[in-house]
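Read the structure below first, then the notes.
The values are calculated or read from the model by the stated rules, or taken from the named source; none is laboratory data. As the structure is a prediction and not an experimental result, all values here were calculated from the model. Cβ coordinates were reconstructed from backbone atoms using ideal geometry, including for glycine residues, and neighbour counts include every protein chain displayed.
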Amino acid sequence: MQRYFVTPAQFAEDRVEITGDDARHITKVMRGRLGDKFILSDGVSREALFKIDDMDGHRVLAVLLEPLEMNHEPRLQVTIAQSLPKGDKMETVIQKCTEIGAVSFVPFLSERTIVQYDAKKEVKRLERWRKIAKEAAEQAHRNRIPAVDQPMSWKNLLAAFDGYDAVYFCYEKESGAQLRDKLKPFVEAVLQADDSKASLLLVVGPEGGFTEQECRAAEQAGAVSVALGRRILRCETAGMTALACALYESGEMGGV
């Protein structure tokens with residue numbers, strides 16, 4: 001069933017007015033009719049089944065039929081910190097990792113980042129990234145839209161490590177620790193209680209990977225350097241692989 005997100009303020013009543021792109025999608029793309037049903041979520045604490053009560057080409061009025069449980073979000077709250085890749089690869093990372101279950105994204109600049117950062121252009125790019133996250137969350141029946149932060153410096157990213165229960169630095173030259181080996185004890189220790197949640201940051205490099213100096217700096221800031229197997233993954237693949245592994249180990253995909 002089709003799903004849309006509205007603001008908590010819109011969800012304050014049992015009747016909701018939908019406008020903008022979502023209204024056009026309902027009326028033009030989905031060819032909605034009076035009585036058609038869909039799910040609305042405020043992305044915070046409320047979700048319900050609605051039906052179309054009135055509409056025109058610019059707005060849709062819907063009435064609440066029944067509240068629904070918000071049970072599609074993972075207990076392990078994984079954030080993907082992705083060094084800005086070339087072209088539209090960041091869009092792929094956001095779309096696919098949203099579908100898998102990432103809760104937020106932190107784009108950043110590292111030593112081998114090829115993209116030339118332009119603050120003016122980044123405003124439009126950030127709008128597009130957030131739109132992609134919203135659409136992917138709707139498609140995947142997420143209860144919340146993952147946050148997409150403004151790109152930050154490597155220094156600021158290191159300073160943010162303290163805000164997470166664990167930080168794993170995905171490093172292709174790591175010859176010892178495998179991500180899975182580090183995940184298992186972390187998941188067992190933090191997610192034992194039925195209602196507990198844990199935050200995990202996965203740090204992924206650009207096309208050229210990280211330098212040894214960046215690896216040492218990350219470890220000094222509290223990260224654990226991990227490998228993702230014996231094959232070298234593209235930068236847009238590494239985050240998806242690490243995320244899927246983390247959610248599997250936490251039981252989201254039939255793991256523990």
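None of Ser110, Ser104, Ser83 is within 24 Å of Thr7 (Cα to Cα) and in contact with a Ser or Thr (Cβ under 6 Å, 6 or more places away or on another chain) except Ser104. Under the condition of being under 19 Å from Pro185 (Cα atoms) and in contact (Cβ under 8 Å) with a residue 60 or more places away in the chain, the residues counted in the range 218-233 number 2. Per the listing Leu202, Leu183, the residue uniquely assigned to a helix (DSSP H, G or I) and buried (at least 18 other Cβ atoms within 10 Å of the Cβ) is Leu183. For Leu191, the conditions (1) within 28 Å of Gln116 (Cα to Cα); (2) touching a residue at least 60 places away in the same chain (Cβ under 8 Å); (3) surrounded by 14 or more Cβ atoms within 10 Å (Cβ to Cβ) all hold with the exception of (1).
Can we say Glu69 is at pLDDT 95 or above and charged (D, E, K, R)? So Glu69 fails the test.
Residue by residue, here is whether (1) among the hydrophobic types (A, V, I, L, M, F, W, C); (2) not assigned by TED's automatic domain parsing to the domain that holds Asp14 holds:
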| residue | (1), (2) |
| --- | --- |
| Leu40 | yes, no |
| Met55 | yes, no |
| Val63 | yes, no |
| Gln82 | no, yes |
| Cys97 | yes, yes |
| Ala102 | yes, yes |
| Arg125 | no, yes |
| Trp129 | yes, yes |
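Give the range 32-61 a look and list any residue that's out of contact with any strand residue (DSSP E or B) (no Cβ under 8 Å at 6 or more places or on another chain) and among the polar types (S, T, N, Q), or say none. Within the range 32-61, just Ser45 meets the criteria. When Asp53 is tested against (1) out of contact with any Ser or Thr (no Cβ under 9 Å at 6 or more places or on another chain); (2) surrounded by fewer than 19 Cβ atoms within 10 Å (Cβ to Cβ); (3) part of a strand (DSSP E or B); (4) touching a residue at least 40 places away in the same chain (Cβ under 8 Å), only condition (4) is not met. If you take the residues in the range 22-40 that are in a loop (DSSP other than H, G, I, E, B) and in contact (Cβ under 8 Å) with a residue 24 or more places away in the chain, which one is surrounded by the most Cβ atoms within 10 Å (Cβ to Cβ)? Here the residue is Gly32.
Checked against the criteria, Ala133 does not count as at pLDDT 95 or above, small (Gly, Ala, Ser) and loosely packed, with under 15 Cβ neighbours inside 10 Å. For the residues Ala242, Ala217, the requirement of being assigned to a helix (DSSP H, G or I) and either buried (at least 22 other Cβ atoms within 10 Å of the Cβ) or in contact with a strand residue (DSSP E or B) (Cβ under 7 Å, 6 or more places away or on another chain) (or both) singles out Ala242. Looking across Thr113, Thr79, one residue alone is among the β-branched types (Val, Ile, Thr) and in a loop (DSSP other than H, G, I, E, B). It is Thr113. Does Gly87 satisfy being of a type in the set (Gly, Ala, Ser), closer than 30 Å to Ala223 by Cα and free of Cβ contacts under 8 Å to residues at least 12 places away in the same chain? When the stated conditions are applied, Gly87 passes them.
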